[in-house]
Amino acid sequence: MDGRTTVVMATRNRRQRVLETLAHLLALPEQPPIIVVDNASTDGTAEAVLAAHPDVDVVVLPENRAASGRTAGVWLATTPYVAFSDDDSWWAPGALARAADVLDRSADVAVVAARVLVGDAGDVDPVCRAMAASPLGANHDGAGRPVLGFLACGAVVRRDAYLDVGGFDELLGIMGEEEVLALDLASAGWALRYVDDVVAFHHPGRTGDRRGRRRRQIRNAVLTAWMRRPLTSALRQTANWVAASRRDAAVRAGLLDAARSLPVALRRRRVIPVAVERQVELLEAGPA
């Protein structure tokens, strides 16, 4: 048993998937407290969880807050660290203890990003492959490789740091919601590390709405640029998406969605420090 980390799972209308994922989480040797945040489900998710697992805490939100609903669970947690699971992802045995050890040893680290294995084949998520090759530095101190992003379904966060910067932004919903949070943490002086031997599993259901996912990704990428990047960077990124939109209908739709939310995004604009912007530019430049 390891009492350092709480697992927070946000869900909406995926009752059976939640119950299946909880079975994996409840079998972990760390025996973490688990909080399920129900984003106003209408399929009886909260009732099913309470009936099957009375030891699991359930927070029922009055509206769908998407990824930002996780924050309600983080507020309820009493442990120093919080691990996120989606309703189709879970942690490998020992992973939470290993992440907590990194956070215990490195007081400047706010996020431990895990290696996420996808599907029955256990393929490494492409985002994790990119983080493993991050140009921001090597793993010299045993606390992982410096990164400026993470996958929410494979992240363990320092609770106080997460809450201090406000958590996930509700404007972004899902798909790429991690980027603003990563930038906010880095801007506040926190480090983020990719730790390859911290492992999470992700078993997403089959979805034919690839265009819809791409559309949301573009929307959030544009909004993120205008919420946090310097003006020249935001303009350059937007110009790149406009150019891509000439041959990609999903990009065009994403740009239109972003335009509708841009006034709200600009009210939340906080430009990142120069040092963090340089890190972003280094990542955008790719391998030398």
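Computed from the coordinates by the stated procedures, all read-outs in this text should not be read as laboratory data. Please read all numbers here as calculations on a predicted model, not as lab measurements. Here the Cβ is made from the backbone with ideal geometry for all residues, glycine too, and neighbour counts use every protein chain on show.
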Phi-based couplings in Hz for the range 255-264 (Karplus 6.51, -1.76, 1.60; Gly and Pro marked x): 5, 5, 4, 5, 4, 5, 9, 4, x, 5
Could you list which residues have their amide H under 5 Å from that of ASP123, counting only those 5 or more apart in sequence or on another chain, with H placed in the peptide plane? VAL118
Applying the Karplus parametrisation 6.51 cos²θ - 1.76 cosθ + 1.60 with θ = phi - 60° to the phi angles of the range 51-68, what ³J(HN,Hα) value in whole Hz is obtained for each residue in order, glycine and proline being reported as x? 6, 7, 9, x, 7, 8, 6, 10, 10, 9, 8, x, 8, 7, 9, 6, 4, 5
Given Cα pairs under 8 Å that are at least 6 residues apart, what percent is the relative contact order of the range 5-202? 26 percent
Suppose every K and R has +1 on its Cβ and every D and E has -1 on its Cβ; what is the size of the dipole of the chain about the Cα centre, in Debye to the nearest 20? 1460 debye
Given the rule -39500 (n - 2.57) for each run of at least 4 DSSP H residues, summed and divided by the residues of the chain, what is its mean residue ellipticity at 222 nm, to the nearest 500 deg cm²/dmol? -13500 deg cm²/dmol
Would you kindly derive the ³J(HN,Hα) couplings of the range 143-157 from the backbone phi angles with the Karplus curve 6.51 cos²θ - 1.76 cosθ + 1.60 (θ = phi - 60°), listing them in order in whole Hz, with x for Gly and Pro? 9, x, 8, x, 9, 10, x, 5, 9, 4, 6, x, 9, 10, 10
Any idea what the relative contact order of the range 195-288 is, in percent, if you count C-alpha pairs under 8 Å spaced at least 6 apart? 34 percent
Report the Cα centroid-to-centroid distance between the range 68-96 and the range 5-59 in angstrom, as an integer. 11 Å
